[in-house]
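Just so you know, all these numbers are worked out from the coordinates, no wet-lab data involved. Remember, predicted model here, so these are calculated numbers, not experimental data. Cβ sites come from the backbone with ideal geometry, for glycine too, and all protein chains shown count toward neighbours.
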Amino acid sequence: MTNMNRQRTAYAGIGPLKIVGLQLLYKTSKAFKVNPRFTAGFIILLVVVILAIVAPLITWYPPLKTLVGKPFTPPVALHPFGVDDLGRDIYTNVLYGIRTSLTVGVSSVIISLAIGILIGVVAGYYGGILEDALMRITDMALIIPQFLLALVIVAIFGQNFQNIIIAIGIVSWPGIARMMRAEFLSIKERPFIEAARAVGLTDVRIIFEEILPNAIPAIIPYAVLQINTAILVEAGLGFLGIADPNVPSLGLMLNTAQQYLVRAWWMAFFPGLVLSIIVIGLNLLGDGLIEYLNPRLRKR
Amino acid sequence: MGTHPLLKVENVKKYFPVGRAVFGRSKQYVKAVDDVSFTIDVGGSLGIVGESGSGKTTLAKVILRLLEPTSGKVYLDGVDLFSLNNKELRKLRPKMQMIFQDPMASLNPRRKIMHIIGQVFKTHTSIGDVEIRERVVDLLEKVGLTPPELFLDRYPHELSGGQRQRVCIARAIALNPKLLIADEPVSALDVSVRGQIVKLLLEIYEKHIDEIAYIVISHDIALIKSLCKDTLVMYLGRVVEKGEVRRIIEEPLHPYSQMLISSIPVPDPEIARNRKRIPIGGEIPSLINPPKGCYFHPRCPYVMDRCREKTPSLINVDDRLVSCYLYSE
Amino acid sequence: MSPLLVFIIRRLIQYIPMILAVIIVTFLLVRLAPGDPTYILVGEVGDESFVRAARERLGLDKPLYEQFVIYISNVFRGDLGYSYLRSEPVAKLIVERIPATLLLVLTAMFISALIGIIAGTIAAAKKGAADLTLSTLSIVGISIPYFWLGQIILIIFAVWLGVFPLGGMISVGHEYQGLQYFIDVIYHLTLPAMTLAIFNIAFTTKITRGSVLEALTQDYILTARAKGIPESRVVFRHALRNALIPVVTYTGFNTGVLLVGAILTETVFAWPGMGSLLYDSIRLRDYPVVLGIFIYGSIIVILANLLVDILYGILDPRIRLR
């Protein structure tokens, strides 16, 4: 091996860079340095996730259990966030509510990613009439108020947890589909795809092994923001009373609180505050990622 | 040396429509490849030379059906390529391979070398993962990436330009192609490694001379001379001269060939001084509205009236074919 | 035909099928739902003979395509079904509520445009600390769920300070007329409009900032500066004027989000618009009204988009060619 080659090998050998996952982590750590918003969002979210995980350890009542305290007790040591109309401990339910929000957010985004990627990929890769038709549908779906559609679906199909996740998932695919199509259109034209066709790879392999790994990074920040939207939609549905009564939900707590705004401010204040913090965290994280990944924005 | 034609190209045309079709007005076309025919025997090697925009790469891609032809026929080992459906074509692809201009761009940046080469076997053979690995290791050794184990888990961006081109070559020869097209195989590389890649290509050629045919595409006729026996000279999608490379360099017949040859730097100043120099004049005309008659006439120092009227056909002159009125009658 | 007319017709052809699509989606959802669709279309009223009669009238025992024809022709005649719980046609219930919702949405849109455009322009012009503060604020503004924000505003201003009413659109028990009526409505409108505006200000600020930044890089700005025009005048008169078109368009295209925002905000302040109607209908399981609001809401949003699209085409002739 020539001297130059050995040198290159030495650079290439910076261990962690070899693995994509670690590479991402490395990039992420660089993002921390240059982007305070990203850092703030990351820390907020880390705390929120930890709270959701350890909820059973740091609460002292079962979730949703009624009459653990005197109804309408304002915040006291035993009930830091107060007690609601049915004697449920708000602190407990808020912590379990974080779990619900995050579960709904992540699961429904997985659903919408699956649908959106499928539609975007088919449209972007195959083109032609299929693409025109799919993009027409996508444009329509983008204009129809997604919140109302999700509301109607859950109202008609039944107010349970799965239906809420599925409904939010199937109304929020259009943005992802549009983005995916754009990515596919541009990656499809790159020479390594032609090279892949030249060695006779199947369409399936070209789509999943060649294009998709190159298209995914672009939609990650978007997916983060989409989690956010999903959490807000779930809360909004809950606020209007569309929720699974057997699952603690921050939105549903605000719905209950609405009737007692004059009497018990804490019933509205704490669930909404925590909800806002989750959403702020995710927004900061998503915006930070977009800014970091887009050098044109970063320069300013 | 075998003598039956391995590749037969007949009147291949590739026109690209320009702009949108507007009602009542006929579409305009760019004639990227216009009526090209040639054959290559087993063991044959053909260069295609011309300036950028002459349709060399388009021709190669049409032959491999990476682009759909406008008309014409291509036979590989007797099989009519343009009549195959997608599935049949895909099965045949390993037999006709291409090495692309830019090795960096033609390797997936997010895949390791092992995957990039291994997927060829995964798609076209039923051999298991362990054997695939062995085959990939063999290939890497064959293209001079040693020790091969060091490269398997690398990403393209971790390699040098020459190493990347070696990976591309390994991928192309993975399933013993009968036809290998190299499109500007060294132009994206540092000058220092060009020689090594040329040597590697020659090695592979000589090792498989009984079964393979080569096409090398380049703007550089000197490179073609070191890799091929015969060459086509292309200008604006048409063949203007065809013959042995050595002969064309010694005595170019078509004025365009003369122009190309005179632009080769010659190491010996003595020869250089005595050589007839034809200055490259003018610009390549627009492909959308090419000039009438011989496409070269606006730049040709020997232009005659009839050059402006009608395209000269390819005629036999001595040991080659040339399309120029200077040699008719 | 003039190009503008061609453009408008093309847009109409593009948007009208969307309304049809909304109706088809609604129809399919109801038919796909588990159980008897009659309950969804009639509401959960106990009387068995009543349900049977309704089933027959809606053609629910006929094949699916016939049901669809009946449904489509009903919808296009403006018949969205009947709310048996309220003994009134769905369409009438909803149409009565539209003006209140529009009043809220348009007021909020106006306030947020005013504040958002000024804040966004300052953020773009000043850069540095002011920019960072404003854009961070706008992230917070976008993040806070506005229905909760409404609740907090209500608690502070109506419950604790008592300076604004707890809800509704007019004071009950007073038969105000003329100017007094007008002032009373404004008084009730203040808190909900403020809530909805705060949410939208963040959005308008963000768009304005981007748009002005873009405009500031143009050559005519350089020319204006070279002529010695004061910087504030360059920013507000020259850059902002050209940056406004995208701001206005985005605001228009954002109608859907604002409408949903209004629906949730109305619920907080018992503002008698479509949102309160929806909230009550969900509680009463009055499904025909819920479906009707979905259809009406979607149509309002589609029409708003169509309007903005056409306006955009009139303002910026280059768009028409696409």
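Overall, region C:3-76 carries a charge dipole of about 500 debye about its Cα centre when +1 sits on the Cβ of Lys and Arg and -1 on the Cβ of Asp and Glu, all other atoms neutral. When only the Cβ of Lys, Arg, Asp and Glu is charged (+1, +1, -1, -1), the dipole of chain C relative to its Cα centre reaches about 1360 debye. Listed peptides B:322-328, B:168-174, C:223-229 appear in the order B:168-174, B:322-328, C:223-229 once ranked by packing, highest mean of other Cβ atoms within 10 Å at the front.
Averaged over the residues of A:111-117, the number of partner chain Cβ atoms lying within 10 Å of the residue Cβ comes to 0.
Karplus-derived 3J(HN,Hα) values for region B:288-304, using 6.51 cos²θ - 1.76 cosθ + 1.60 with θ = phi - 60°, are 6, 10, x, x, 5, x, 5, 4, 8, 4, x, 10, 7, x, 9, 4, 10 Hz; glycine and proline are entered as x. Each peptide in A:163-173, A:77-87, A:105-115 was scored by the mean count of other Cβ atoms within 10 Å over its residues; highest first, the order is A:163-173, A:105-115, A:77-87. FRET efficiency for the C:VAL95 to A:ILE50 pair, using the beta carbon distance and R₀ = 41 Å, is estimated at 0.25. With the simple model of a label 7 Å out from the Cα in the direction of the Cβ, C:VAL140 to B:THR311 spans 7.2 nm. The label point for B:SER262 and the one for C:VAL172, both projected 7 Å from the Cα toward the Cβ, are 10.1 nm apart. Taking the fewest neighbouring Cβ atoms within 10 Å as the starting point, the ordered list for A:TRP265, C:TRP271 is A:TRP265, C:TRP271. Taking a point 7 Å out from the Cα of C:GLN14 in the direction of its Cβ, the residues of region A:129-155 whose backbone N falls within less than 17 Å of it are A:132-144. In chain A, the DSSP-assigned H stretches of four residues or longer account for a calculated mean residue ellipticity at 222 nm of -24000 deg cm²/dmol, using -39500 (n - 2.57) per stretch and the full residue count as denominator. Each other residue within a Cβ distance under 9 Å of B:SER45 adds +1 if Lys or Arg and -1 if Asp or Glu, for a net charge of 0. Please go through the residue pairs B:LYS8/B:LYS199; B:LYS56/B:LYS310; B:LYS61/B:LYS91; B:LYS61/B:LYS87; A:LYS188/B:LYS122 and name each one whose alpha carbons sit more than 20 Å apart in this structure. Too far apart for the 20 Å limit: B:LYS8/B:LYS199; B:LYS56/B:LYS310; A:LYS188/B:LYS122. Rounded to the nearest 0.05, what FRET efficiency is calculated for A:ALA77 and C:LEU284 with R0 set to 56 Å and r the Cβ-Cβ distance? Working from the Cβ atoms, E equals 0.85.
Selection among A:THR92, A:ALA196, A:ILE216 by position relative to the dipole of region A:49-293 gives A:THR92 as farthest towards the positive end (Cβ unit charges, Cα centre). In the protein assembly as shown, a dipole from Cβ-located charges (positive for Lys and Arg, negative for Asp and Glu) runs towards its positive end, and of B:ILE215, A:LEU250, C:VAL140 it is B:ILE215 whose Cα lies farthest in that direction. Per residue of peptide A:230-240, the mean number of Cβ atoms on other chains within 10 Å of the residue Cβ is 4. Taking the Cα centre of chain B as origin and assigning +1 to Lys and Arg Cβ atoms and -1 to Asp and Glu Cβ atoms, the resulting dipole is close to 1140 debye. Search the structure for amide H atoms under 5 Å from the amide H of B:THR70, placed 1.01 Å from N in the peptide plane, and list their residues when 5 or more places away or on another chain. Under 5 Å from the amide H of B:THR70 lie the amide H atoms of B:LYS13, B:LYS14, B:TYR15, each far enough along the sequence or on another chain.
Annotation: amide H-H contacts under 5 Å for B:GLN28 (H modelled 1.01 Å from N, sequence separation of 5 or more, or interchain): B:VAL18.
On the beta carbon distance between C:ILE299 and B:GLU68, with R0 = 56 Å, the FRET formula returns roughly 0.80. Between A:ASN160 and B:ARG246, the modelled labels are 8.4 nm apart [label points 7 Å from Cα along Cα→Cβ].
Peptide A:154-162 has a mean shielding of 4, counted as Cβ atoms of other protein chains within 10 Å of each residue's Cβ. Please identify the DSSP H helices in chain C that span no less than 27 Å along the helix axis (Cα) and have a mean Kyte-Doolittle hydropathy of 1.6 or more. Those that pass (Cα extent of 27 Å or more, hydropathy at least 1.6) are C:3-32, C:90-126, C:287-315. Ranking C:TYR71, C:ALA21, C:SER49 by how far each Cα lies toward the positive end of the dipole of region C:3-76 (charges on Cβ) leaves C:ALA21 at the top. Its Cα gyration tensor gives region C:93-321 an equivalent ellipsoid. The semi-axes, each the square root of 5 times an eigenvalue, are 36, 22, 16 Å from largest down. Annotation: peptides B:190-201, A:193-204, ranked by per-residue average of other Cβ atoms within 10 Å with the highest first, follow the order A:193-204, B:190-201. For chain A, the membrane-span-like helices by this rule, meaning whole DSSP H stretches whose C-alpha atoms cover at least 18 Å of axis and whose Kyte-Doolittle mean is 0.5 or above, are A:36-53, A:90-126, A:128-143, A:212-239, A:265-293; this says nothing about an actual membrane.
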